[in-house]
Amino acid sequence: MVEDESAIAELIAINLRHNGHEVAVVSDASAAQAEVDRVLPDLVLLDWMLPGHSGVTLARSWRAQARTRDLPIIILTARAQEADKVAGLDAGADDYLTKPFSPSELMARIRAVLRRKAPQASDVAVEAGGLVLDPATHRVHSQGVEVKLGPTEFRLLHFFMSHPERVHNRAHLLDRVWGDHVFIEERTVDVHVKRLREALDPVGCARLIETVRGSGYRLTLILPSTSSQA
């Protein structure tokens, strides 16, 4: 959260933490940039009026960089004119919330943006290929049978199920599943994909995780049919 009014920042942070979010609070654009450089967050709450560069300038800068191009951003501001809202959205904000606002509205906006932009950061259950994954209970089922997964395999499957049919290379998976601040070998992804397939095999879902030669991995919902020989 980027907010230079400490009372507002404290109130919002309390509500965010109460709803299960981890929150880093900064008060200006340079500190916000440093925090995003350190660890890419799931979402940024960005005040328009900040010391130094404005929140809109910062949003525009993030949208111009490959690493932060898809970073979910909600602008918080007292500027309620339609032209201001258009300017904020044109700068790259995913949503625009006018002060004053209720904590419940803010939480609803956050959930909506995360569902659209970063579904694996949401606690909404996802279904794909006969699997049901519930982030809230940290459980995976297939036809009523629970699949036992380690924490990394759970996050990896959650990401795959949130982005079905898309091919992800190892570097992208490391950034989105492990975090872009973690520096490990790309081949580590192969080890965890192997473990994920082994965990899914007893429920007949190992084939959902497909290797795309020369590109990476994807969760496919279109499995090749198997024909028996006479």
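Points to keep in mind about this one:
- Entry remark, the range 66-82: residues being under 14 Å from residue 29 (Cβ atoms) and not aliphatic (A, V, I, L, M) number 1 in total.
- Odd one out for residue 144 among (1) modelled with pLDDT under 95; (2) within 27 Å of residue 213 (Cβ to Cβ): (2)
- Selection of the range 123-174 for residues being among the hydroxyl-bearing types (Ser, Thr, Tyr) and closer than 13 Å to residue 200 by Cα yields only 142.
- Positions within the range 132-189 being β-branched (Val, Ile, Thr), more than 22 Å from residue 66 (Cβ to Cβ) and in contact with a Ser or Thr (Cβ under 8 Å, 6 or more places away or on another chain), in sequence order: 132
- Within the set 115, 63, the sole residue that is surrounded by fewer than 17 Cβ atoms within 10 Å (Cβ to Cβ), within 26 Å of residue 135 (Cα to Cα) and basic (Lys, Arg) turns out to be 115.
- Number of the exception - residue 141 against (1) without any contact (Cβ under 8 Å) to a residue 12 or more places away in the chain; (2) more than 23 Å from residue 222 (Cβ to Cβ): (2)
- Any hit, the range 28-37, residues being crowded, with 20+ Cβ neighbours inside 10 Å, of a type outside the set (Ser, Thr, Tyr) and under 19 Å from residue 177 (Cα atoms): yes
- Scanning the range 78-103 for residues that are among the polar types (S, T, N, Q) and at pLDDT 85 or above, we see that the one that is surrounded by the most Cβ atoms within 10 Å (Cβ to Cβ) is 98.
- Flag: residue 43 does not match the condition of being without any contact (Cβ under 8 Å) to a residue 60 or more places away in the chain, more than 30 Å from residue 204 (Cβ to Cβ) and not β-branched (Val, Ile, Thr).
The values are calculated or read from the model by the stated rules, or taken from the named source; none is laboratory data. Owing to the predicted nature of the structure, the values given are computational and were not obtained by experimental measurement. Because the Cβ atoms are built from the backbone with ideal geometry, glycine has one as well, and the counts that use them run over all protein chains shown.
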